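So the structure is just underneath, and the comments pick up after that.
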Amino acid sequence: QVQLVESGGGLVQPGGSLRLSCAASGSIFSIYDMGWYRQAPGKQRELVAAITSGGTTNYGDSVKGRLDISRDNAKTTVYLQMSSLKPEDTAVYYCNAQRKWYDYWGQGTQVTVSS
């Protein structure tokens, strides 16, 4: 069992930056592939960024070049650094941990990009 707690969301102006954090507990963090997803009102949940247990990263097409995912296995935390934010980035951002048939989700953190 893995527990995930996101933090760092909030209101930011267009062009601004935020860093989201996802603190994991309950299992061996380093063996999980980690990801950030988001869901805007009326839309399906989509992958924003992912990082494997080996450190390989992958990004959604709409955020490439603006977001950076990283992990600190010693702190059992995964981060999402977001810059050049746009109103269309407004969504609830969810942390995800996957390994084989195991799939865990956090409660989400709201990010609102608005002037």
Which order, highest average first, do 39-46, 53-60 follow once you tally other Cβ atoms within 10 Å for each residue and take the mean per peptide?
53-60, 39-46
Over the chain, give the accessible area per residue in Å² for a 1.4 Å probe, as an integer.
53 Å²
Step through the residues of segment 32-46 one at a time and calculate ³J(HN,Hα) from phi using the Karplus curve (6.51 cos²θ - 1.76 cosθ + 1.60, θ = phi - 60°), rounding each to whole Hz and writing x for Gly and Pro.
8, 7, 10, x, 10, 10, 9, 9, 8, x, x, 10, 6, 5, 10
Identify which of A23, A91, A74 has the largest mean-square fluctuation in a Gaussian network model of the chain, with springs joining Cα atoms closer than 10 Å.
A74
Please list 3J(HN,Hα) in residue order for segment 14-23, calculated via the Karplus relation 6.51 cos²θ - 1.76 cosθ + 1.60 where θ = phi - 60°; whole Hz, with x for glycine and proline.
x, x, x, 10, 8, 10, 8, 10, 9, 8
Assuming 0.36 nm per residue, please report the length gained on full extension of the stretch R99 to S53 beyond their Cα-Cα distance.
15.6 nm
Rounded to a whole %, the carbon-and-sulfur portion of the accessible area of the chain at a 1.4 Å probe is 47 percent
Using 0.36 nm times the number of residues separating K43 and S84, minus their current alpha carbon distance, what extension gain do you get?
12.6 nm
Under-5 Å amide H pairs with G108, H placed in peptide plane, nonlocal only:
E6, C95
Two-decimal Rg/Rh across segment 47-115, once Rg and the Kirkwood Rh are taken from alpha-carbon atoms:
0.97
Sorting L18, L85, L47, L11 on solvent-accessible surface, 1.4 Å probe, most exposed first, gives L11, L47, L18, L85
In this structure, the FRET efficiency calculated for S17 and Q110 from their beta-carbon separation, with R0 = 25 Å, to the nearest 0.05, is 0.95
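Under 8 Å for C-alpha pairs, at least 6 residues apart: give me the relative contact order for segment 1-71, rounded to a whole percent.
In percent, rounded to a whole number, it is 21.
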With a 1.4 Å probe and every protein chain left in place, tell me how much accessible area V5 has, in Å² to the nearest 10.
90 Å²
At what distance in nm do the modelled label points of Q1 and K64 sit from each other, each positioned 7 Å from its Cα along Cα→Cβ?
4.0 nm
Could you derive backbone 3J(HN,Hα) for segment 104-115 from the dihedral phi with the Karplus parameters 6.51, -1.76 and 1.60 (θ = phi - 60°), listing whole Hz in sequence and x where the residue is Gly or Pro?
10, 10, x, 7, x, 9, 7, 10, 10, 10, 7, 8
Segment 1-59 - convex hull of alpha carbons, volume per residue in Å³:
115 Å³
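The values are calculated or read from the model by the stated rules, or taken from the named source; none is laboratory data. These figures come from a predicted structure and were not determined experimentally. Virtual Cβ from ideal backbone geometry, glycine too; neighbours counted across all protein chains shown. The area values use the complete protein model at the heavy-atom level, side chains included, leaving out ligands, DNA and RNA. Shrake-Rupley method; radii C 1.70, N 1.55, O 1.52, S 1.80 Å.
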